[in-house]
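Here's the structure we're looking at; comments come further down.
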Amino acid sequence: MLWRGRRESGNVSDRRGFSGPGIAVGGGAIGLIVYLINMFLGGGDPGQIPNLQSNRELTPTEQAADDERASFVKVVLAETEDVWNEVFREKGSNYSEPTLVLFRDGVQSACGNASAASGPFYCPADRQVYIDLSFYEELQNRFHVSGDFPMAYVIAHEVGHHVQNLMGVSAKMQELHQQLSEREYNRYSVMVELQADFYAGLWAHYAHRMDTIIEEGDIQEALDAANAIGDDMLQKRSQGRIVPDAFTHGTSAQRMYWFKKGWTTGDMRQGNTFDDPSLASN
């Protein structure tokens, strides 16, 4: 990505130096928490996420690398602001920009407490995206995804959840969570996540059309990331078998398909995953 020297978003709350003592991720499981926490990697009750606070100070070299990642995140967030302001303007409405919270080890949100193990997530209750920058390294080391665009895809995916919140999807999901069995709710959760992937692709479409931040190879990097973090791939890696009823985010093929559809069409009307017969029958 050609991101250096570009505008950084001012909608960033940097809490990297303010991890509270002894943050234990538990309690705080309100309403939609299965869908909210660990939004990108596979979901789960925050009560099951261990307290990973380390209190280890970064070396000067590590701090410099962390600060560079923070600048990258701020630039990408600014790019999402430019795109979604334009998309909403075309629809005759105004886009309310989210705040992105950078944290290290642990953080408190309106959706409960979270640790770095939560992965990036979006909290509809406070309209904020939460990211521990160590996840950048996790993409490369754990999932073997190269390049910088996968992290942009992560950010765009979480901002996609914010777009869903503005459009009333999050509220409808909260209602469904009270009415459906876990298996039935998981099916809708997959639709939510794939739509966020579509919105990430749509963001890339507009960003490419409006500016020159995206360069050759970036989209393939995003598709590689989508492939690496599909529910089927994650389950096979962690437990050696695939359990479709436990899917919450979609298969690798589905995640690649919906991101690519957003990228190629650039049309919001094409992203209604809730009307896709193949997803309704899963």
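The values are calculated or read from the model by the stated rules, or taken from the named source; none is laboratory data. As the structure is a computational prediction, the values presented were derived from the model and not from experiment. Positions of Cβ are generated from backbone atoms using ideal geometry, with glycine treated the same way; all protein chains shown enter the neighbour counts. Accessible surface areas use protein heavy atoms only, side chains included; no ligands, DNA or RNA. Shrake-Rupley method; radii C 1.70, N 1.55, O 1.52, S 1.80 Å.
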Check: Expressed in nm to one decimal, what extension gain is obtained for the pair ASP211 and ASP148 from 0.36 nm per residue of sequence separation less their Cα-Cα distance?
Finding: 20.9 nm
Next item on the list: Could you check how much of the accessible area of segment 56-118 is carbon and sulfur, as a whole percent, using a 1.4 Å probe?
Entry: 41
Margin query: On a straight-distance basis, which aspartates and glutamates could pair with LYS91 in a cross-link, Cα separation under 14 angstrom, same-chain partners fewer than 8 positions away excluded?
Written below: ASP267
Item checked: Solvent-accessible area, 1.4 Å probe, carbon plus sulfur percent, for segment 188-282 -> 50
Next item on the list: Can you list which of the trypsin sites (Lys or Arg not before Pro) found in segment 58-107 are DSSP loop residues with at most 13 other C-beta atoms within 10 Å?
Entry: LYS91
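First measure r as the distance between the Cβ atoms of ILE242 and ALA280, then evaluate 1/(1 + (r/R0)^6) with R0 = 25 Å and state the FRET efficiency to the nearest 0.05.
Details: r = 20 Å, r/R0 = 0.81.
For R0 = 25 Å, the calculated efficiency reads 0.80.
Sum -39500 (n - 2.57) across every DSSP H segment of at least 4 residues in the chain, then divide by the residue count to get the 222 nm mean residue ellipticity, nearest 500.
-16000 deg cm²/dmol
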Checklist line | SER109 long-range amide H proximity, modeled H, under 5 Å | finding: ALA114
Notebook entry, point to check: Which number comes out as Rg/Rh for the chain once both Rg and the Kirkwood Rh are worked out on C-alpha atoms?
Noted result: 0.93
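With a 10 Å radius around each residue's Cβ, average the other Cβ atoms per peptide and rank 220-226, 132-138, 58-64, highest first.
Top to bottom by mean Cβ count within 10 Å: 220-226, 132-138, 58-64.
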Checklist line | Helical segments meeting 18 Å axial Cα length and Kyte-Doolittle -0.5 threshold in the chain (DSSP H) | finding: 149-166
Next item on the list: Over the chain, average the accessible area per residue using a 1.4 Å probe and give it in Å², no decimals.
Entry: 44
